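One structure is given below, encoded as structure tokens.
The values are calculated or read from the model by the stated rules, or taken from the named source; none is laboratory data. What you are looking at is a predicted structure, and each value in this text was computed from that prediction instead of being measured. Methodologically, a virtual Cβ is constructed for each residue, glycine included, from the backbone with ideal geometry; neighbour enumeration extends over all protein chains shown.
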Amino acid sequence: MATASKTPTTFTTPSDVEIAMTRVFDAPRRLVWDAWTNPEHLPRWMLGPEGWTMPVCEIDLRPGGTWHFVWRRADGTEMSMAGTYVEVVPPERLVSTESWGGDWPETINTLTLTEEDGRTTVTQTVRYPSVAARDAATATGMKEGVSVSFDRLADYLEKKR
Amino acid sequence: MTPDALSTTFAALADPTRRAILARLAKGPATVTELSEPFEMSGPAVSKHLKVLENAGLIARGREAQWRPCTLQVKPLEEVAAWTEKYRRLWEKNFERLDDYLEQLKQKERNHGHRK
């Protein structure tokens, strides 16, 4: 079996309150759309870190319809996410809200699919409710497990002024 | 970091003045008076921002009444960054899995003689 070619994911910040991820997949967009919106397919890949399964994947794919995903780890830890579809235009555009519940900021996610030569470019744009939420989420240059030097942090915060 | 704590940190980072205060503190501790200068703000107005930053755990303040230097606490910012990094890696992992899954779907279509 041929191994799928892995292409890099690009992360950009199209506006003050948005983060966008772009990725090319070697498949026509109707397949990508299906993999992304069909509850039969989604739990096969949208699993996050190793060791998690997706026992709940409910999708009511129409404007105003809701979605609910639950991920579970072997030790029983669960993570739940839900939202409402705002725009559903197969196989090119999907807009939905996403909430983790509680105080977590609700985001509006826009998925766009474009096809060229049988390959599909997927862009997922996450729109945060405030500049704060996005800024914090794009605190670039700071890596997990690495102590942040004050100088680097100063530079970053300078740029944000 | 719990979603609540993260949310508090996000809220504290919302204000440009507060980010500027953090930028100043990243260079070293400073007093309220020193922090007020570049912003043309009253002491009480700056104190209000400092309170928000302190509640979010982003800064610590000395306990002496007269001279209370503020210092930056980096840990919450690191936690936010760590969360972001996890989010990023999570999606990269998902996308790699989707690559493989799409291969399977294409294979299935070929086997069933699907036409475009």
| field | Hey, B:Gly57 at pLDDT 85 or above, away from every other protein chain (no Cβ under 13 Å) and not in a helix (DSSP H, G or I) or not | value | yes
| message | Give all pairs with beta carbons closer than 6 Å in which a residue from segment A:13-42 that is within 11 Å of another protein chain (Cβ to nearest Cβ) meets a residue that is aromatic (Phe, Trp, Tyr) and in a strand (DSSP E or B); count only pairs at least 6 apart in sequence or on separate chains. | response | A:Met21/A:Phe11; A:Val32/A:Phe25
| said: Condition first: at pLDDT 95 or above, surrounded by 13 or more Cβ atoms within 10 Å (Cβ to Cβ) and not in a helix (DSSP H, G or I). Can you find one or more residues in segment A:45-57 that meet it? | reply: yes
| If only one of A:Thr77, A:Thr84 is more than 17 Å from the chain's Cα centre (by Cα) and of a type in the set (Ser, Thr, Tyr), which one is it? | A:Thr77
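Can you go through A:Asp75, A:Asp60 and tell me which one is in contact with a Ser or Thr (Cβ under 7 Å, 6 or more places away or on another chain), of a type outside the set (Ser, Thr, Tyr) and more than 14 Å from chain B (Cβ to nearest Cβ)?
Working: A:Asp75 fails: in contact with a Ser or Thr (Cβ under 7 Å, 6 or more places away or on another chain).
Criteria check complete, one pass: A:Asp60.
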| remark: For segment A:38-86 the number of residues that are of a type in the set (Ser, Thr, Tyr) and farther than 18 Å from B:Trp91 by Cα is 4
| request: Please go through segment B:36-53 and pick out each residue that is under 21 Å from the mean Cα position of the chain (by Cα) and within 14 Å of chain A (Cβ to nearest Cβ). | output: B:His49, B:Val52, B:Leu53
